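Q: This structure is in structure tokens; I'll ask about it shortly.
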Amino acid sequence: MEYITKSSWNLSLAILFLTSLTMARSSFAIEIATAPSPSSPDELQKCESGLGATCGVSIYQYIFEDGVNISKECCNRLLTVGKDCHDLLTQVTIVYKRLPEKQAKESHRKNNKAWELCKTTGHISN
């Protein structure tokens with residue numbers, strides 16, 4: 001018997017919301033760059049599990065809060081899951097949190113900065 005956890009339920013809701021938004025986005029006056037659409041909840045789950053809980057939190061804090069560090073291990077995990085997964089997780093979070101345009105643009109900027117810094121330096125610390 002498969003149990004639905006709160007986390008998987010929230011993930012399913014986020015995917016449903018992102019899919020609905022993507023289909024209706026032409027009606028929005030403001031369009032922000034979107035990440036690749038997940039083909040299934042499994043794709044998003046794979047991206048999340050590839051990062052792991054600790055690294056996922058670290059990267060989330062860097063992009064959406066005032067986090068300043070991403071360890072070498074977490075940068076390696078980020079690069080391993082790939083840019084598409086990184087962009088997808090960021091975009092789903094932006095949509096799920098219903099961030100205003102200014103915050104969404106800042107989150108996209110920090111998303112790209114995290115990727116580039118991990119690629120070039122192997123870690124992030126301020």
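The values are calculated or read from the model by the stated rules, or taken from the named source; none is laboratory data. Owing to the predicted nature of the structure, the values given are computational and were not obtained by experimental measurement. Counting neighbours? That spans all protein chains shown, and the Cβs are built from the backbone with ideal geometry, glycine included. Accessible surface is based on the protein model in full, side chains and every heavy atom, while ligands, DNA and RNA are left aside. Shrake-Rupley method; radii C 1.70, N 1.55, O 1.52, S 1.80 Å.
Q: Find the residue count for the range 60-70, including only residues that are open to solvent by less than 50 Å² (accessible area, probe 1.4 Å) and in contact with a Ser or Thr (Cβ under 9 Å, 6 or more places away or on another chain).
A: Initial filter on the range 60-70 (open to solvent by less than 50 Å² (accessible area, probe 1.4 Å)): 62-64, 67, 70.
Still in the running and in contact with a Ser or Thr (Cβ under 9 Å, 6 or more places away or on another chain): 63-64, 67, 70.
So the answer is 4.
Q: When only residues in the range 46-55 that are in contact (Cβ under 8 Å) with a residue 24 or more places away in the chain and touching a helix residue (DSSP H, G or I) at 6+ places or on another chain (Cβ under 7 Å) count, which is most open to solvent (accessible area, probe 1.4 Å)?
A: Going through the range 46-55, the residues in contact (Cβ under 8 Å) with a residue 24 or more places away in the chain turn out to be 46-48, 50-52.
The next check asks that each one be touching a helix residue (DSSP H, G or I) at 6+ places or on another chain (Cβ under 7 Å); those that pass are 47-48, 50-52.
On the way: CYS47: 1, GLU48: 76, GLY50: 29, LEU51: 13, GLY52: 22 Å².
If we take residues in the range 46-55 being in contact (Cβ under 8 Å) with a residue 24 or more places away in the chain and touching a helix residue (DSSP H, G or I) at 6+ places or on another chain (Cβ under 7 Å), then GLU48 is most open to solvent (accessible area, probe 1.4 Å).
Q: Looking for something over 24 Å from PRO41 (Cβ atoms), open to solvent by less than 80 Å² (accessible area, probe 1.4 Å) and among the β-branched types (Val, Ile, Thr) - is there at least one such residue anywhere in the range 90-103?
A: No, the range 90-103 has no match at all.
Q: Of all residues being touching a residue at least 24 places away in the same chain (Cβ under 8 Å) and of a type in the set (D, E, K, R) in the range 73-89, which is surrounded by the fewest Cβ atoms within 10 Å (Cβ to Cβ)? Just the residue, please.
A: Looking at residues that are touching a residue at least 24 places away in the same chain (Cβ under 8 Å) and of a type in the set (D, E, K, R), I get ASP84.
Q: Looking for something open to solvent by 30 Å² or more (accessible area, probe 1.4 Å), closer than 15 Å to SER58 by Cβ, among the basic types (Lys, Arg) and under 15 Å from the mean Cα position of the chain (by Cα) - is there at least one such residue anywhere in the range 105-120?
A: Yes, the range 105-120 contains a residue that is open to solvent by 30 Å² or more (accessible area, probe 1.4 Å), closer than 15 Å to SER58 by Cβ, among the basic types (Lys, Arg) and under 15 Å from the mean Cα position of the chain (by Cα).
Q: Could you give every pair whose Cβ atoms fall below 7 Å, whose first residue belongs to the range 107-126 and is modelled with pLDDT under 95, and whose second residue is of a type in the set (Gly, Ala, Ser), counting only separations of at least 6 or pairs across chains?
A: Note: pairs meeting the criteria are HIS123/SER71; ILE124/ALA114.
Q: Within the range 1-8, is there a residue that is closer than 19 Å to LYS119 by Cα and either at pLDDT 90 or above or open to solvent by 70 Å² or more (accessible area, probe 1.4 Å) (or both)? Break it down stepwise before answering.
A: Filtering the range 1-8 down to residues closer than 19 Å to LYS119 by Cα leaves none.
No, every residue in the range 1-8 fails to be closer than 19 Å to LYS119 by Cα and either at pLDDT 90 or above or open to solvent by 70 Å² or more (accessible area, probe 1.4 Å) (or both).
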